[in-house]
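Note sheet for the following structure.
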Number of protein chains: 2
Amino acid sequence: MTRIPATERRAALIDAALRVVSRNGLAQATTRAIVAEAGMSLASFHYAFASRDELVDELITTVISREQQAVLPDLIPGQTLHEILEAGLLRYFEHLRADPEHEQAMLELTQYALRSPERHPLAAAQYARYTELAAHALDVAAEHSGVRWRSPVDRVARVLVAFTDGLTLTWLVDRDDDAARAVAAAAADALTRMADTR
Amino acid sequence: MTRIPATERRAALIDAALRVVSRNGLAQATTRAIVAEAGMSLASFHYAFASRDELVDELITTVISREQQAVLPDLIPGQTLHEILEAGLLRYFEHLRADPEHEQAMLELTQYALRSPERHPLAAAQYARYTELAAHALDVAAEHSGVRWRSPVDRVARVLVAFTDGLTLTWLVDRDDDAARAVAAAAADALTRMADTR
DNA sequence: ACCGAAGTGGGACAGTTGTCCCAGTCGGAT
DNA sequence: ATCCGACTGGGACAACTGTCCCACTTCGGT
């Protein structure tokens, strides 16, 4: 096996772990399964990480920092706020449909973090990041459509995150596309009413 | 140990399992942990259930059938639809605050069911039940406030379930009561706009 | 009283999992 | 070229898990 420095192995193992978690769930993401996915030997795992817990913790933080802006739609001049928001939510939905396993993995990692007091902050950080991304999208949307949020944008963003989460979880269960689109429309509606025309 | 018929043991084990899952998570709900919680010996477990999987499957179906109407608020004459819906959502939120571990357990069971094709229907049934309960609450609310849902009530209910789920998940993470109430208000707003005054 | 079926207890087993050890090997600085 | 530390492979270990077995006890119907 070609020699790889420990830092690169850490990255490779985290990538492999994310694939395993997405494909088979966190419970199946054993050290051996991760190592097999990465094409390494078991010893390399504990050379790169002190423990499986350390890997999972780092997986969560990595995955948070990678989280991209998926909600921002193309902005078209003259669009109303409602149109922008709904388009953004639908874009998120397409992202979800394209890679449901990824969102499912995120959900599982959150639940896992929620289960122990010392990991709870990881879950909180994950959602803080979601909220941050949502707030940015809402800023852009308000700017573009010339409105002003009645509450602080973080508060509105927090509502958007909740709606997005609900859309995700329910769709993962019933895979009802039309229902998900109805949720997007209703959410856009609610959010629109949290803004005043300037 | 006093003798208990197998059917009662099944019920006792399921209750114990739900407590263990709520307290420590599904991953910690081993046969030994469940049996200890129920105060039985390990042999009793496999006398009552063929396997742990069978127990978990039955736990899910049991828990679905027990699911109560938590969203229906007290109806006060003259209340607007928006007021009824927001009060209902806030009542659900109080229910969540009173026993967060229970909702967390539900979420974990859903995720678990989502992970294998043969169990997916269990998750679907769980959400079908949620939707059913929500639809009933929406029927009552519309009746009481003299409005008519523009879409079939099941569709509106599906949206309500998504909003409730989002409220739950995000609150479980950040425990921000005010944010959750804002979500409830926004959700009530969106739902209200899905009805026409008759 | 008795007898078969139902229920119980403890121990055992094999498979899996996280972790560790150790002997070896490679690569780059000297 | 050599040598030290970084890396690798394979095997091992103990803990845990689901499951099973078997000898035993209790109960309800006869």
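The values are calculated or read from the model by the stated rules, or taken from the named source; none is laboratory data. Computed from a predicted structure; not experimentally measured. No Cβ is skipped: glycine too gets one built from the backbone with ideal geometry, and neighbour counts run over all protein chains shown.
A few remarks follow.
- Taken over segment B:32-44, the criterion of being of a type in the set (A, V, I, L, M, F, W, C) and either under 15 Å from B:Val20 (Cα atoms) or not assigned by TED's automatic domain parsing to the domain that holds B:Ala17 (or both) is satisfied by B:Ala33, B:Ile34, B:Val35, B:Ala36, B:Ala38, B:Met40.
- Complete set of residues in segment B:13-35 that are small (Gly, Ala, Ser) and surrounded by fewer than 16 Cβ atoms within 10 Å (Cβ to Cβ): B:Ala27
- Residue match in segment B:28-47 (condition: basic (Lys, Arg) and either farther than 22 Å from B:Asp165 by Cα or within 16 Å of DNA strand C (Cβ to nearest atom) (or both)): yes
- Residues being farther than 15 Å from A:Arg175 by Cα and not basic (Lys, Arg) - total across segment B:117-162: 26
- Out of A:Val56, A:Val20, sole residue that is within 14 Å of chain B (Cβ to nearest Cβ), under 21 Å from the mean Cα position of the chain (by Cα), under 21 Å from B:Arg115 (Cβ atoms) and more than 10 Å from DNA strand C (Cβ to nearest atom): A:Val20
- Unique match (being aliphatic (A, V, I, L, M) and touching a residue at least 40 places away in the same chain (Cβ under 8 Å)) among B:Ala190, B:Ala124, B:Ala135, B:Ala184: B:Ala184
- In summary, helices (runs of 4 or more DSSP H) completely within segment B:1-117 and bearing 1 or more residues that are touching a Phe, Trp or Tyr at 6+ places or on another chain (Cβ under 7 Å), of a type outside the set (D, E, K, R) and away from DNA strand D (no atom under 16 Å from the Cβ) occur at B:81-98.
- Extreme residue, farthest from B:Val161 (Cα to Cα), among residues of segment A:133-163 that are among the basic types (Lys, Arg) and touching a strand residue (DSSP E or B) at 6+ places or on another chain (Cβ under 7 Å): A:Arg148
- Answer from A:Ala128, A:Ala162, A:Ala135 - the residue that is surrounded by fewer than 22 Cβ atoms within 10 Å (Cβ to Cβ), farther than 13 Å from A:Leu85 by Cα and of a type in the set (A, V, I, L, M, F, W, C): A:Ala128
- Segment B:161-181, subset within 9 Å of chain A (Cβ to nearest Cβ) and touching a residue at least 40 places away in the same chain (Cβ under 8 Å), residue farthest from B:Glu108 (Cα to Cα): B:Ala180
- Close pairs from segment B:36-52: first at negative phi, partner among the acidic types (Asp, Glu) and more than 11 Å from DNA strand D (Cβ to nearest atom), Cβ under 6 Å, at least 6 apart: none
- Flag for A:Arg158 being within 11 Å of chain B (Cβ to nearest Cβ) and not aromatic (Phe, Trp, Tyr): yes
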